[in-house]
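The values are calculated or read from the model by the stated rules, or taken from the named source; none is laboratory data. Quick caveat, the model's predicted, so the values are computed rather than measured. Note that we place each Cβ from the backbone using ideal geometry, even for glycine, and neighbour counts take in every protein chain shown. We work out accessible area using only protein heavy atoms, side chains counted, and drop any ligands, DNA or RNA first. Shrake-Rupley method; radii C 1.70, N 1.55, O 1.52, S 1.80 Å.
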Amino acid sequence: MKAAAFSGMPRFYLLILFTLAAIDARAQTPASFEDRPPLGAEITVGPLGDLPSSTNLFALFDTIVADLIADRIDTGGTATGAPSRTGAHGSTWTQTAFRVGDADITDPTTTGLPLLMPGVDAWEQVEVATGMLPIDLSAPGMAVTLTPRRPAISVWTRALELTGSAPLMNAGSGTANPPAINRLSSWANGNLFLSGPLATASPAGLGALFSATWNRATYFERNGTSALRAGLASAFLNLTGTAGGNQIRVIGWGQRTRDAAAHYLPFAQPAAGQQHIAFHTQASWQHSAAGGDAGIRAFAAFTMGHRSTDLAPPSSIVMERLRDGPVPSLLDPGVGSDRTWSIGTRFNSGVNGSRHRISAGLDLSGASADTQSAFAGRVLELLNGAPARVWDFTDPIAESVWSERAIGVFAGDTMTLSPRITVDGGFRFETIAGSAESQAGAVNWRDLLPRAGFHVGLFDAWRVAGFGHYGRYAHRLPLTDLAYGDPTAPTANIYRAPANATAAIIQGPVVQRLGPGSGGSASFSSIDPNLRRPHMDEMILGFEARPHPALFFRIAAIGRLEHDLINVVDVGVPESAYAIVNVPDRGIDEVGSQDDQILQFYNRPPATFGADRYLLTNPAGDAANFVGADIVLRMEAGRSSLLLGGTAGRSEGVAANRGFGPLENDTSVAGEAFVDPNALGHAQGRVFTERGYTIKLALTHHFRGDLTVGMAARYQDGQHFARLVILPSLNQGPEAVRAFRNGRTRFSFTSNLDLRVQKGFTLGGHRLVGIVEGFNVFNEHFEYEEATVTGAISRQRTAVQPPFALHVGVRVPF
């Protein structure tokens, strides 16, 4: 096993981090902090514009939020056109939630992703909550809340920013061995920002904030020679009016993104793209009472998105399962439209001098989707280069139409028992009803989700306090779950591939039939009428300190249990129907015998061919857990800001599919674990969104002479994986099994430092700001992936982290 060691970080790299972190710790008036912020990170408007980000919040999250893990590294704009899959503390990425203010903008079909990709300049603050979530928010693991930036109230602020990167400015080569997982070729960005008053008549005021962003990027993946294209065009408008204690806000946000088609490689179409057009509108009213933080607010929002592709799927393709992921993923994300709406109200009672701070609210929401698969044809599946199976997909002409409705009611109270002790408690009551237009099966859930905690002041010096928290959070319903039993959803017939096959040619009988669609037979695929809603119980204990009004430090121990996870089970051909084949495994050490073992493969009897029946249910034993620690140090003081965090943790969960990627090593992706017993062996292991140890830092400082420096640095352990052993001579074709669980081995660490330098100067009587951004400035090439199959190249590096990339640009205030 390759141990991830902190000694891998260059010593002078660490010296830079801690030297700069000490700068200006006592400067000017500090910003205020919440009494008890959630676990995670809060990034305010100043640092948002001063940190290196490629105008992409996902790139910033991945680099500076210690407990967040993303499915790719965006170095200089390689992820310009599509959001990353993100999770924290071992939580599934499919349940990450996104909000603008109080309004949810999470994609209801591909849950865990937002319908619109947020930039950096439209937000007053961005909160990434990964634990201890407030009572008005329910997400089992992670939630991102975007607070819109307030328009300027006295004078207009106008700026045009142009930034770019040419191929000669960026490192990396298509002939590198091993190749970079991705590398930037070119990048261009234009941003127009306007903010100011429309009316200033006292005591009322009306302001407007407008941001328009245009991004284009070309990049390469691995040793590809065809540049992939990505782009984003976005316009955001915020109108805010105030009168007395009332504030009214109206938001309009439109966006178009484009990235390479999700499966361009097996389709051999690198020029093909996946487009997404989305629009969000939101209105809110807030009334604040004098004498405290009491008040009431209400909101209404509507968001829609449309997915399309210019991929021209052929009638048949060839794919490598170990490289391209699970074969059914070729059908996603598909084409179609998504819609969400929400209406809600919030009440807070917190008058100065009161022992109680009461909060309560109501949310009504709904979502719908109509979708069609991206592909319907034949696929020759290769397993480590050997022909394994031929998949013949069928997707009915009719679109799949799914919908859901939800109600959430919550109330909580934080009560001061003494000057040193406060306790809090509350509950959420939620109902969810989901159904498909073309089938009778439905999902109906009702859940009571309690929260409780305490906070005890221990020492006056440094304001040291202890705290504890318990919360129960429930999963949202991905609309794609409603595909099971839906006659309009796709199905597949699976055949064993001939030993010398080079194309998807069908020979012999059907080995397996696969959903999620019903294929016109209600007994073939269905949803368990007693399907339970997955939920997570969270316990947190820790200490915090405020040695200075500008500084906040916290260390927390975290424990989580997830129950009633959902997956699909082949009830027609259970594990007991297979014959067991014992195969000796010599392990990695071919000389010694200390890791020798017997592996079990499951051989499918021909009598069971085609007898499959599928049930979406709560499989026995499908649970997950996490234990770990989280440390954060935060400082906002005049000219400086600092966010330094670290995590250590260990997760356990059943991986949905064989492999180590986010579509494989995740607990809540519907996969093969309970369909094929060869996929269930050693499936309980450490999951994609937990990396053992991480350290991340964000630092900004405004020097004299109109010079600003922003830095983001990251160290994190590599992905957990398991060595795979392949047996070719099974009735159903070659199969791979894990030699041990994910996490007994892992890839090496990744580490990088990104910098943004801004210098203002005057030219011809006009102020200009020069901008230089460097990503992976030391051009580190630490390992990103390894070969995972037993054999001569097992454990050899197959990809390294993205290389150095450089942006230069100018901002012109006017």
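Determine which residues of the stretch 129-159 fall in the zone a paramagnetic label at Val250 would reach in this model, i.e. backbone nitrogen under 20 Å from the point 7 Å along Cα→Cβ.
Counting backbone N atoms under 20 Å from the label point, the list is 148-153.
Which angle from 0 to 90°, rounded to the nearest 10, does the C-alpha axis of helix 11-21 make with the longest principal axis of the chain?
40 degrees
With +1 on each Lys and Arg Cβ and -1 on each Asp and Glu Cβ, how big is the dipole of the stretch 675-775 about its Cα centre, in debye rounded to the nearest 20?
Details: 13 positive and 7 negative charges, 58 e Å.
Dipole magnitude for the stretch 675-775 comes out near 280 debye.
Over the Cα atoms of the stretch 417-460, how large are the radius of gyration and the largest Cα-Cα distance (Dmax), in Å?
Final numbers for Rg and Dmax: 20.2, 64 Å.
Compute the Cα gyration tensor for the stretch 523-648, then decide on rounded, prolate or oblate, letting a ≥ b ≥ c be the square roots of its eigenvalues: rounded whenever a/c is under 1.5, prolate when a/b is larger than b/c in the other cases, and oblate in all that remain.
On the way: a/c = 4.03, a/b = 1.83, b/c = 2.20.
Oblate.
Just report the Cα centroid separation between the stretch 257-324 and the stretch 79-99, whole Å.
Their Cα centres are 12 Å away from one another.
Calculate the spin-label point distance for Ala268 paired with Ala522, positioning each point 7 Å from the Cα along the beta-carbon direction, and give it in nanometres.
According to this spin-label approximation, the distance is 4.5 nm.
Just to verify a number: what accessible area does Tyr484 come out at with the full protein assembly present, 1.4 Å probe, Å² rounded to tens?
Answer for Tyr484: close to 30 Å² accessible.
At what distance in nm do the modelled label points of Ala289 and Phe778 sit from each other, each positioned 7 Å from its Cα along Cα→Cβ?
With each label placed 7 Å out from Cα toward Cβ, I get 5.5 nm.
Quick one: order Arg604, Arg183 from most to least accessible surface, probe 1.4 Å. Mind showing how you got there, number by number?
Working: Arg604 5, Arg183 30 Å².
The residues order as Arg183, Arg604, largest area first.
Once you order the gyration tensor axes a ≥ b ≥ c over the Cα atoms, which shape class does the stretch 468-566 get: rounded for a/c under 1.5, otherwise prolate or oblate by comparing a/b with b/c?
Working: a/c = 4.23, a/b = 2.38, b/c = 1.78.
Cα axes put the stretch 468-566 in the prolate bin.
If every alpha-carbon in the stretch 37-120 counts as one equal scatterer, what log10 I(q)/I(0) does Debye give at q = 0.19, 0.25 1/Å?
-0.90, -1.54
With a 1.4 Å probe and all protein chains left in place, how much accessible area per residue does the stretch 664-734 have, in Å²?
So the stretch 664-734 comes to 25 Å² accessible per residue, rounded to a whole number.
What net charge do the residues around Arg85 carry, taking every other residue with its C-beta under 10 Å from that of Arg85, with Lys and Arg at +1 and Asp and Glu at -1?
Numbers: positive: Arg72; negative: Asp71, Asp666.
That works out to -1.
Mind grabbing the base-10 log of I(q)/I(0) for the stretch 625-696 at q = 0.14 Å⁻¹? Debye formula, identical points on the C-alpha positions, no solvent, two decimal places.
Here the Debye-derived log intensity ratios amount to -0.55.
Considering only protein heavy atoms and a probe of 1.4 Å, how much of the accessible area of the chain is carbon and sulfur, as a whole percent?
Carbon with sulfur: 61 percent of the solvent-accessible area.
Per residue, how much accessible area does the stretch 204-341 show when a 1.4 Å probe rolls over the protein heavy atoms, in square angstrom?
Numbers: 5610 Å² over 138 residues.
Averaged over the residues of the stretch 204-341, the accessible area is 41 Å².
How much accessible surface area, in Å² rounded to 10, belongs to the heavy atoms of Glu785 with a 1.4 Å probe?
20 Å²
Which percent, nearest 5, of DSSP beta bridges in the chain are antiparallel?
Numbers: 322 of 336 bridges.
Just about 95 percent of them are antiparallel.
When volume of the Cα convex hull per residue in Å³ is calculated directly from the model, which label among (i) 205; (ii) 159; (iii) 241 fits?
Given (i) 205; (ii) 159; (iii) 241, the structure-derived one carries the label (ii).
Mind ordering 706-712, 143-149, 60-66 by average Cβ neighbours within 10 Å, highest first?
Details: 706-712: 19.4, 143-149: 21.6, 60-66: 26.1.
Ranking, from highest mean packing down: 60-66, 143-149, 706-712.
With r as the distance between the Cβ atoms of Leu727 and Arg150 and R0 = 56 Å, compute the FRET efficiency 1/(1 + (r/R0)^6) and round to 0.05.
Computed FRET efficiency for Arg150 and Leu727 comes out at 0.35.
Within the stretch 800-814, which residues have the backbone N less than 14 Å from the label spot 7 Å out from Leu162 along Cα→beta-carbon, could you tell me?
808-813
Rounded, prolate or oblate: which fits the stretch 156-210 when a ≥ b ≥ c are the square roots of the eigenvalues of the alpha-carbon gyration tensor, with rounded for a/c under 1.5 and prolate only if a/b beats b/c?
Numbers: a/c = 8.71, a/b = 4.19, b/c = 2.08.
Prolate shape, in that a/c is at least 1.5 and a/b is the bigger ratio.
Rounded to the nearest 20 debye, what is the charge dipole size of the chain about its Cα centre when +1 sits on each Lys and Arg Cβ and -1 on each Asp and Glu Cβ? Don't skip to the answer; put the middle values down first.
Values: 65 positive and 72 negative charges, 339 e Å.
Approximately 1620 debye in magnitude.
I'd like the accessible area for Ser173, computed on protein heavy atoms only with a 1.4 Å probe and all protein chains in place. Round to 10 Å², please.
50 Å²
Whole Å is fine, so just give me how far the alpha carbon centre of the stretch 619-670 lies from that of the stretch 755-800.
Each part's Cα centre sits 23 Å from the other's.
If one computes the Cα centroid of the stretch 136-192 and of the stretch 406-441, what distance in Å separates the two points?
So the two Cα centres are separated by 35 Å.
With no solvent and one point on each alpha carbon, what is the Debye value of log10 I(q)/I(0) for the stretch 602-725 at q = 0.12, 0.13 Å⁻¹?
Here the Debye-derived log intensity ratios amount to -0.63, -0.69.
To check my understanding: the extent here is largest minus smallest coordinate of the Cα atoms along each principal axis. What are those three numbers for the stretch 183-274, in Å, largest first?
Between the extreme Cα coordinates on each principal axis of the stretch 183-274 lie 62, 21, 15 Å.
Counting heavy atoms of the protein chains only and a 1.4 Å probe, report the per residue accessible area for the stretch 495-618 as a whole number of Å². Display every interim value, and only then the final one.
On the way: 5790 Å² over 124 residues.
Per residue, the stretch 495-618 has an accessible area of 47 Å².
Heavy atoms only, 1.4 Å probe, whole protein assembly: order Arg297, Arg150, Arg691 by accessible area, highest first.
Arg150, Arg297, Arg691
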